[in-house]
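This report refers to the structure that appears directly beneath it.
The values are calculated or read from the model by the stated rules, or taken from the named source; none is laboratory data. Quick caveat, the model's predicted, so the values are computed rather than measured. A quick note on method: Cβ atoms are made from the backbone with ideal geometry, for glycine too, and the neighbour counts reach across all protein chains shown. SASA here: full protein model, heavy atoms, side chains in, ligands and nucleic acids out. Shrake-Rupley method; radii C 1.70, N 1.55, O 1.52, S 1.80 Å.
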Amino acid sequence: MFVVHFYEQKNEMLNQLLKRVPVVGEDLRIKGRKGKVASVTEIDEKTYHVQVTLEAKAKPGAAADPGKKKKR
């Protein structure tokens, strides 16, 4: 079993106790967001730091018809 710390840039997102360490390029899903493993660093024989690049969050769009104005 390995302790795996997942980081996005310098922010730690998640630590897990896993049977297998993720490899570079593997697709992940963390906290409902899709991402890829950018790098894996071995700290000691049971601790690993994994850098993850996550897809950007989709920003909410405008109203269905932007030509309509709100009624007051």
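Structure notes:
- Scanning segment 1-27 for residues that are open to solvent by 100 Å² or more (accessible area, probe 1.4 Å) and in contact with a Pro (Cβ under 9 Å, 6 or more places away or on another chain) returns no hits.
Yes/no matrix, rows are residues, columns are (1) within 16 Å of Glu12 (Cα to Cα); (2) open to solvent by less than 100 Å² (accessible area, probe 1.4 Å); (3) out of contact with any Pro (no Cβ under 6 Å at 6 or more places or on another chain); (4) at pLDDT below 95:
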site: Arg29; (1), (2), (3), (4): yes, no, yes, yes
site: Arg33; (1), (2), (3), (4): yes, yes, yes, yes
site: Val37; (1), (2), (3), (4): yes, yes, no, no
site: Lys46; (1), (2), (3), (4): no, no, yes, no
site: His49; (1), (2), (3), (4): yes, yes, yes, no
site: Ala56; (1), (2), (3), (4): no, yes, yes, yes
site: Lys59; (1), (2), (3), (4): no, no, yes, yes
site: Ala64; (1), (2), (3), (4): no, no, yes, yes
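- The number of residues in segment 26-45 that are closer than 22 Å to Lys57 by Cβ and part of a loop (DSSP other than H, G, I, E, B) comes to 3.
- Members of segment 18-41 that are farther than 15 Å from Thr53 by Cα and out of contact with any strand residue (DSSP E or B) (no Cβ under 6 Å at 6 or more places or on another chain): Lys19, Arg20
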